[in-house]
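Peer 1: One structure follows; several queries about it will come next.
Laboratory data are not the source of any read-out in this text; all were calculated from the coordinates shown. Note that the structure is a prediction, hence the values are computed from the model and not measured. Cβ atoms come from the backbone with ideal geometry, glycine included; neighbour counts cover every protein chain shown.
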Number of protein chains: 2
Amino acid sequence: MHLAKVYITLKPTVNDPQGLTIKGALHNLGFTSVEDVRAGKYIEIRIEDSDPTKVNEQVNEMCHKLLANPVIESYGFELERIQ
Amino acid sequence: MHLAKVYITLKPTVNDPQGLTIKGALHNLGFTSVEDVRAGKYIEIRIEDSDPTKVNEQVNEMCHKLLANPVIESYGFELERIQ
């Protein structure tokens with residue numbers, strides 16, 4: 001069994017209104033040292049497979065086909081063996 | 001300058017309809033070894049401050065006050081010194 005921790009972020013050139021809103025709210029709360037905020041998605045996937053190479057390939061395919069939009073988003077992931 | 005990478009996930013006992021939907025879609029795409037999916041948020045914050053202890057404290061406070069809902073969500077973060 002593997003746990004994949006997938007991070008999906010907007011590419012640097014893509015506008016991020018959610019991040020800007022969070023930045024504004026943090027400034028209003030007094031965190032004025034905040035320079036920039038980028039909002040993204042975090043997805044944890046538990047996969048019933050013990051072969052790390054195969055799992056790595058599968059997660060890559062999942063990200064490309066469904067989880068991330070490769071035109072505007074980048075993704076990265078970490079694999080962890082569990083149980 | 002520090003970069004904080006914040007992960008926010010729903011607590012294990014909280015229902016996650018978004019995760020279930022992603023799991024269903026992955027199964028439909030043929031990834032039948034997927035056992036469970038949990039969806040969360042990923043936020044990158046750039047902070048203009050060089051003191052890691054102070055930044056750590058600030059990010060903790062940001063999570064607690066704004067970014068996460070402590071009733072139903074857990075959070076974690078990593079700090080990285082940049083530039």
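Peer 1: For chain B, with only Lys/Arg (+1) and Asp/Glu (-1) charged at the beta-carbon, what is the dipole magnitude about the Cα centre, in debye rounded to 20?
Peer 2: 220
Peer 1: According to a simple spin-label model (label point 7 Å from Cα along Cα-to-Cβ), what is the distance in nm between A:Ser50 and B:Glu35?
Peer 2: Taking the two extended label points, one gets 1.3 nm.
Peer 1: Here's a follow-up. Using the crude model of +1 on Lys and Arg Cβ and -1 on Asp and Glu Cβ, and no other charge, please compute the dipole size for the protein assembly as shown relative to its Cα centre, in debye to 20.
Peer 2: So the magnitude is around 300 debye.
Peer 1: Hey, what do the phi angles of the range A:22-37 turn into as Karplus ³J(HN,Hα) couplings, whole Hz, using 6.51/-1.76/1.60 and θ = phi - 60°, x for Gly and Pro?
Peer 2: My calculation for the range A:22-37 gives 4, 4, x, 5, 5, 4, 4, 7, x, 8, 6, 7, 6, 8, 7, 10 Hz in order.
Peer 1: Once the Cα gyration tensor of chain B is diagonalised, what are the square roots of 5 times its eigenvalues, in whole Å and ordered largest first, as equivalent ellipsoid semi-axes?
Peer 2: Semi-axis lengths for chain B are 32, 15, 8 Å.
Peer 1: Under 5 Å between amide H atoms, partner at least 5 residues away or on a different chain: which partners does A:Lys11 have, H built in plane at 1.01 Å?
Peer 2: A:Glu73, A:Ser74
Peer 1: Let me ask something additional. From the residues A:Ile82, A:Tyr7, A:Ser50, which one has its Cα farthest along the dipole of chain A in the positive direction, the dipole being from +1 and -1 charges on Cβ of Lys/Arg and Asp/Glu about the Cα centre?
Peer 2: A:Tyr7
Peer 1: Hey, another quick one. Calculated FRET efficiency, A:Thr21 and A:Glu73, Cβ-Cβ r, R0 22 Å, to nearest 0.05?
Peer 2: 0.75
Peer 1: Strictly over 26 Å apart at the Cα level, which of B:Lys41/B:Lys65; B:Lys5/B:Lys65; A:Lys11/B:Lys11; A:Lys23/B:Lys41 would you flag in this model?
Peer 2: From B:Lys41/B:Lys65; B:Lys5/B:Lys65; A:Lys11/B:Lys11; A:Lys23/B:Lys41, over 26 Å: A:Lys11/B:Lys11.
Peer 1: Just from its helices, what would the mean residue ellipticity at 222 nm be for chain A, if runs of 4 or more DSSP H residues each count -39500 (n - 2.57) and the sum is divided by every residue, rounded to the nearest 500 deg cm²/dmol?
Peer 2: So the calculated ellipticity at 222 nm is -8500 deg cm²/dmol.
Peer 1: Compute the FRET efficiency between A:Arg81 and A:Asn28 as 1/(1 + (r/R0)^6), taking r as their Cβ-Cβ distance and R0 = 30 Å, and round to the nearest 0.05.
Peer 2: Approximately 0.10, to the nearest 0.05.
Peer 1: Could you run the Karplus curve 6.51 cos²θ - 1.76 cosθ + 1.60 with θ = phi - 60° over the range B:54-69 and give me ³J(HN,Hα) per residue in whole Hz, x for Gly and Pro?
Peer 2: Values per residue, Gly and Pro as x: 5, 4, 4, 4, 5, 5, 4, 5, 4, 4, 5, 7, 10, 6, 10, 9 Hz.
Peer 1: Please identify, among A:Ala39, A:Ala25, A:Ala68, the residue showing maximal mean-square fluctuation in a Gaussian network model of chain A using a 10 angstrom Cα cutoff.
Peer 2: For chain A, modelled as a Gaussian network with Cα springs under 10 Å, the answer is A:Ala25.
Peer 1: With an 8 Å cut-off on Cα pairs and a minimum separation of 6 or more residues, tell me the relative contact order of chain B in percent.
Peer 2: 53
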